[in-house]
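What follows is calculated from the coordinates using simple rules that are stated; it is not laboratory data. None of these values were measured; they are calculated from a predicted model. Positions of Cβ are backbone-derived with ideal geometry, glycine not excepted, and every protein chain shown enters the neighbour counts.
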Amino acid sequence: MQGGSRERLLEAAGETFAEKGFHRASLREICTRAGMNVAMVKYHFGDKMGLYREVLHATFDAAAKARIQRTLVACPRQRLYDFIHDQLLRVRGGRRPPWYNRLMARELASPSPALDELVARGILPVSRELRGIVMDLLGEGATDREITLHSLSVVGQSLHHHHARAIIERLYPDLTYTQRDIASLAEHIVRFSLDALDAARKRIAERADGVQDNGAERGVLHSGRDVAHPSDAR
């Protein structure tokens, strides 16, 4: 195992927490795996929960550097591509340690006190960045709810390739995630998202100008009565 004592402990802890969960994993087992003594955990992290928190934050702290670079790009469409591409590299491109997905699955299934801090320190800044990009693309007049829902729709596309990976691999065994594939997938998600955001931007502008949304007037988004259904063809 390469790296300094802190990095070795983080790697060993990540593997152990992913295998056994926070409560069943012991510091002695983690330190044995890292080839170190328990005193080093206290030196670097204070206690077991401090170590666990840092393991959860590991990949989000690395993503912060990419986030700083993206803020220098003026074009929101380019920022959106960079955001999606970086996210896909983290969830499917091997930027995360192999144990991280299993660890996060455990954490989301049974949240620990560390989750609130992870959201505040790691996920909230990413969410704010995406909301800023979406707000620029929607234009003035977009409500906070519209920005939130469109942001979730955008990010959900790339997250689906992570959370449904076991199903995707069985449904589409020819779908691969090489560096080139990820770049192409990012372009697809961005094009798909921009089409939806451009249409939403037009609706928002028309609303601001007092133009009636005919779709909303008919109740298409509320009742579904005007949405085509397979039974209509019979």
Lys and Arg at +1, Asp and Glu at -1: neighbours of residue 93 with Cβ under 10 Å from its Cβ sum to +2
The ³J(HN,Hα) series, computed from each phi in segment 90-106 with the Karplus coefficients 6.51, -1.76 and 1.60 at θ = phi - 60°, rounded to the nearest Hz and given as x for glycine or proline, is 6, 8, 10, x, x, 6, 8, x, x, 7, 5, 4, 5, 5, 5, 4, 5
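Between rounded, prolate and oblate, where does segment 27-182 land on the alpha carbon gyration tensor, with a ≥ b ≥ c its root eigenvalues, rounded for a/c under 1.5, else prolate if a/b exceeds b/c?
Numbers: a/c = 2.11, a/b = 1.53, b/c = 1.38.
Prolate is the answer for segment 27-182, as a/c is 1.5 or above and a/b outweighs b/c.
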With x for Gly and Pro, the residue-by-residue ³J(HN,Hα) of segment 16-21, computed from phi through the Karplus equation 6.51 cos²θ - 1.76 cosθ + 1.60 at θ = phi - 60° and given in whole Hz, is 6, 4, 5, 6, 10, x
Burial-style ranking of 171-183, 76-88, 135-147, average other-beta-carbon count within 10 Å with highest first, yields 76-88, 135-147, 171-183
Along segment 44-52, Karplus-curve 3J(HN,Hα) (6.51, -1.76, 1.60; θ = phi - 60°) to the nearest Hz, with x for Gly and Pro, reads 8, 10, x, 7, 5, 5, x, 5, 4
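Which value, in debye to the nearest 20, gives the size of the charge dipole of segment 122-194 about its Cα centre, when Lys and Arg are +1 and Asp and Glu are -1 at the Cβ? Can you show the working numbers first?
Values: 7 positive and 9 negative charges, 40 e Å.
It comes to approximately 200 debye.
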